1. Assigned to a helix (DSSP H, G or I) and either open to solvent by 50 Å² or more (accessible area, probe 1.4 Å) or closer than 17 Å to ILE25 by Cβ (or both): which single residue out of LEU126, LEU145, LEU136 fits that description?
2. Which members of region 79-91 meet the condition of being open to solvent by 40 Å² or more (accessible area, probe 1.4 Å) and not basic (Lys, Arg)?
3. What do you reckon, is ARG65 without any contact (Cβ under 8 Å) to a residue 40 or more places away in the chain, more than 30 Å from THR16 (Cα to Cα) and surrounded by fewer than 17 Cβ atoms within 10 Å (Cβ to Cβ)?
4. Of all residues in region 101-142 being in contact (Cβ under 8 Å) with a residue 12 or more places away in the chain and of a type in the set (Gly, Ala, Ser), which is nearest to TRP21 (Cα to Cα)?
5. Here is a list of conditions, (1) open to solvent by less than 50 Å² (accessible area, probe 1.4 Å); (2) more than 16 Å from TYR138 (Cα to Cα); (3) at pLDDT below 85; (4) in a helix (DSSP H, G or I), and TRP107 meets all of them except one; can you say which number that is?
6. Among the numbered criteria (1) among the aromatic types (Phe, Trp, Tyr); (2) assigned to a helix (DSSP H, G or I); (3) at pLDDT below 95, which one does PHE50 miss?
7. From the set of residues in region 8-43 that are within 29 Å of LEU77 (Cβ to Cβ) and open to solvent by 100 Å² or more (accessible area, probe 1.4 Å), which is modelled with the lowest pLDDT?
8. Could you check how many residues of region 115-131 are in contact with a Phe, Trp or Tyr (Cβ under 7 Å, 6 or more places away or on another chain) and at pLDDT 80 or above?
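The values are calculated or read from the model by the stated rules, or taken from the named source; none is laboratory data. None of these values were measured; they are calculated from a predicted model. Note that we place each Cβ from the backbone using ideal geometry, even for glycine, and neighbour counts take in every protein chain shown. Accessible surface areas use protein heavy atoms only, side chains included; no ligands, DNA or RNA. Shrake-Rupley method; radii C 1.70, N 1.55, O 1.52, S 1.80 Å.
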Amino acid sequence: MATYPLKLTPRDTKYTLRFVWEWPIRLTHWVTAASLVALFTTGLYIASPFFTSNGEPYQHFVMGRFRQVHFVAGYALLFSFILRGYWFLRGNKYSRSGVPLIWRASWWRNLREQTAEYAGLVPGPLRLGHNSLAGLSYVLFIGGLGCLQI
């Protein structure tokens, strides 16, 4: 019986290259991340502007520019969600991995095992794609809050 953590040498393991995330998934990930950063920073400025302009407002477009960036980032987030939803249906099996299948007992078992693994109680196996806990948090926080914001 092996103890945790396993002491493996390069001779003991056989690694293979696996392509998991397709380019649309990677694109939507980075577009979502960038748009959330832009929405957060411009939203802070819109809520409490700290730049003041001298002279007449028609000569300066500071608040308008911040709002413009905010709206462009919002549309980028919207189109990223649309592309991600489309690729959920068209992509490989990893594009659908981790979807909360709450009606299956195996999903709940995987959720318990993953929670115990993250808590450091048991060692876990190597998984490709999202596990149940990651899929649940992705759907709740990114999907749910994203739809609410959009």
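1. On the way: LEU126 fails: assigned to a helix (DSSP H, G or I); LEU136 fails: either open to solvent by 50 Å² or more (accessible area, probe 1.4 Å) or closer than 17 Å to ILE25 by Cβ (or both).
Answer to the selection: LEU145.
2. Within region 79-91, PHE79, PHE81, ILE82, LEU83, TYR86, TRP87, PHE88, LEU89 qualify.
3. On the way: without any contact (Cβ under 8 Å) to a residue 40 or more places away in the chain: yes; more than 30 Å from THR16 (Cα to Cα): yes; surrounded by fewer than 17 Cβ atoms within 10 Å (Cβ to Cβ): yes.
It is true that ARG65 is without any contact (Cβ under 8 Å) to a residue 40 or more places away in the chain, more than 30 Å from THR16 (Cα to Cα) and surrounded by fewer than 17 Cβ atoms within 10 Å (Cβ to Cβ).
4. This residue is GLY129.
5. For TRP107, the exception is condition (2).
6. (2)
7. It comes out as PHE19.
8. 0
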